[in-house]
Amino acid sequence: MDDRLGPVAISFRREEKEGSSGAQYNYRIIFRTTEMKTLRGSILEESVPSAARHTTPRGLSPKRLLEFIMPELNLHCLRLASNSPKVRDTLLKLDEQGLNFQRKVGVMYCRAGQSSEEDMYNNESSGPAFEEFLDLLGERVRLKGWEKYRAQLDNKTDSTGTHSLYTRYQDYEIMFHVSTMLPYTANNTQQLLRKRHIGNDIVTIVFQEPGALPFTPKSIRSHFQHVFIIVQVHEPCTDNTYYRVAVTRSKDIPLFGPLFPKGARFPRTPAFRDFLLAKAVNAENAAEKSEKFRSMATRTRQEYLKDLAENYVTTTPIDSSTKFPLLSLGGKRKDKLKGTKGAELHSAGALVWAVMVYSRDEGETGEFKLPCLLGVSAESVVLIERCTRRVVFNCSCRDVIGWKAVTETKEGGPCLDIFYERGESVSVSVMESQTEDIREVVQRLELVTRGCEALEVTPLRDGVGQPGFLMNEEGFVTELQRFCYAESGGLQLWARVVRLCGHSLVHLSPEERTRLLRTAHKIHITVIPPDENGKPRRWVRLDRRWWGGREH
């Protein structure tokens, strides 16, 4: 029980780094707090300063490891967990929070002339139009003996009906609580046996026959039904059957897809079924992001952690040198060895730097700056806005073709341009005192991408006004005059021009490129050299990425 963070639970595991033949070890850590976002990460053993390294096969002591990666945590409060299976099961529940692939969806039947909750719950049986819709939605299953997901329905004594509607959609199991398939109670207008299930479903599909009165969620008395998907049938039980759809949701639930145009007609096809199921699944996923559901989930999480911290711990503290199984006894030396410099650069997880991001979009006035965190993992380059924590840029490491670092500047501080895909770029800067951060980012990019350092070339025109090279539409140098100023300046065949006279090449039309090469007072190009085999550096795939709210 940490004084500031409340109940916490930490798991970590030491494992041999793949391909190191026992020479290097990784620690994988999971850090759980009451907050919904669990922290996960990994770190190379040799990058942690320690006097106790390599003294035993067990590796570092938990105390030394946590002192280095979680300095704000009060280590004196930690105790070794007990061996009870409750610990493993509870931690599994916490780690799987939000990863539930079973969904229950209510389905209410609204006949012609009906609109109220009582009317719909009191429809004893269904008509042919509703039966046709249910056939499209899923398959009828016998509840007694049913062994798959049952959504609280009785699979032993038929107390909740004999049959129900079930289907699978992608990775999800969906059981429908269909009003006409749940038990009907004569002379009971509330139909509590039906409402007991549908009234506790977050998402409800309301099926309307032709002639049904307009639906309003105000007619539903429930604290749990937050999203209604209204499906209105037209020309039922004919070859021309089609449906119209409307959605209403509680005001604190964010918008969810798949979106559709107003007044859209959906024919009775498997594609409409997939659309409707995706809408239902996404509705519940969106509801779980609302403040009400997040606060409920947070309270549940806090109770789980509090129960573990109070009732399922031993008396063994983390700094014990005799009882803690993972603790390395170490030698008696008190001097601390330094970790191997730069070892963390080989980590598969993201390394993060605080940067300022600025836009080079042409046509805009002024300069747009944004405080961000730059994360570079073995797979992705990501920029996250510090205040809102939203991702403002991301691309695959395989799409990075090069970079240009400037560590000595007159104003603005050290900066770095990262070029990706067709030569587009994102630019970051740091404070003057953080020049080393730019060097570290470059080292990291060298390890996880196929790119290289960009060159600045200033070719002079020859006697007839030509720059001595030709490039194709993509910016690759396809012809290079021997012994010209461009070649002597470092330009190579199949180098990629990414900037021309300060302008991003990808944003210039062919006419603008030609004009600059002919008339600019001084030609200045930024190029990405070809790879070691002389082949052009091409990006691998196209991802959708966002920059300042605009799609690129």
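The values are calculated or read from the model by the stated rules, or taken from the named source; none is laboratory data. Since we're looking at a predicted model, the values are computed, not measured. Here the Cβ is made from the backbone with ideal geometry for all residues, glycine too, and neighbour counts use every protein chain on show. Each accessible area value is taken on the protein alone, full model and side chains, heavy atoms only, with ligands, DNA and RNA left out. Shrake-Rupley method; radii C 1.70, N 1.55, O 1.52, S 1.80 Å.
Below is a table of values for the structure above.
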| read-out | value |
| --- | --- |
| Test: residue in the stretch 493-516 that is of a type in the set (Asp, Glu), modelled with pLDDT under 90 and surrounded by fewer than 14 Cβ atoms within 10 Å (Cβ to Cβ) | no |
| Residue that is crowded, with 17+ Cβ neighbours inside 10 Å, at pLDDT 85 or above and in contact with a Phe, Trp or Tyr (Cβ under 8 Å, 6 or more places away or on another chain), where the choices are Ala286, Ala350 | Ala286 |
| Residue that is loosely packed, with under 14 Cβ neighbours inside 10 Å, in the same structural domain as Gln191 (by the TED database), in a helix (DSSP H, G or I) and without any contact (Cβ under 8 Å) to a residue 12 or more places away in the chain, where the choices are Asp119, Asp135 | Asp135 |
| All positions within the stretch 389-401 that are within 19 Å of Val430 (Cα to Cα) and buried (at least 20 other Cβ atoms within 10 Å of the Cβ) | Phe393 |
| Scan of the stretch 90-101 for residues that are open to solvent by 70 Å² or more (accessible area, probe 1.4 Å), closer than 14 Å to Tyr304 by Cα and not basic (Lys, Arg), ordered by number | Leu92, Glu96 |
| Matching option when the condition is polar (S, T, N, Q) and modelled with pLDDT of 80 or more, among Thr340, Thr315 | Thr315 |
| Subset tally (residues that are β-branched (Val, Ile, Thr) and assigned by the TED database to the domain that holds Leu134) for the stretch 270-313 | 1 |
| Some residue of the stretch 479-486 being assigned to a strand (DSSP E or B) and either in the same structural domain as Lys404 (by the TED database) or more than 30 Å from Leu351 (Cα to Cα) (or both) | yes |
| Given (1) open to solvent by less than 20 Å² (accessible area, probe 1.4 Å); (2) modelled with pLDDT under 85, number of the condition Gly331 does not satisfy | (1) |
| Residue within the stretch 247-255 that is under 17 Å from Met108 (Cβ atoms), β-branched (Val, Ile, Thr), part of a strand (DSSP E or B) and open to solvent by 30 Å² or more (accessible area, probe 1.4 Å) present | yes |
| Residues of the stretch 13-52 satisfying the condition of being under 23 Å from Thr315 (Cα atoms) and open to solvent by 50 Å² or more (accessible area, probe 1.4 Å) | Arg13 |
| Qualifying residues in the stretch 150-194 (those that are part of a strand (DSSP E or B) and surrounded by fewer than 19 Cβ atoms within 10 Å (Cβ to Cβ)) - the one farthest from the chain's Cα centre (by Cα) | His163 |
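Yes/no matrix, rows are residues, columns are (1) among the aromatic types (Phe, Trp, Tyr); (2) free of Cβ contacts under 8 Å to residues at least 40 places away in the same chain:
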{"position": "Arg168", "(1), (2)": "no, yes"}
{"position": "His177", "(1), (2)": "no, no"}
{"position": "Ala186", "(1), (2)": "no, yes"}
{"position": "Leu192", "(1), (2)": "no, yes"}
{"position": "Ile198", "(1), (2)": "no, no"}
{"position": "Ile205", "(1), (2)": "no, no"}
{"position": "Pro210", "(1), (2)": "no, no"}
{"position": "Phe215", "(1), (2)": "yes, no"}
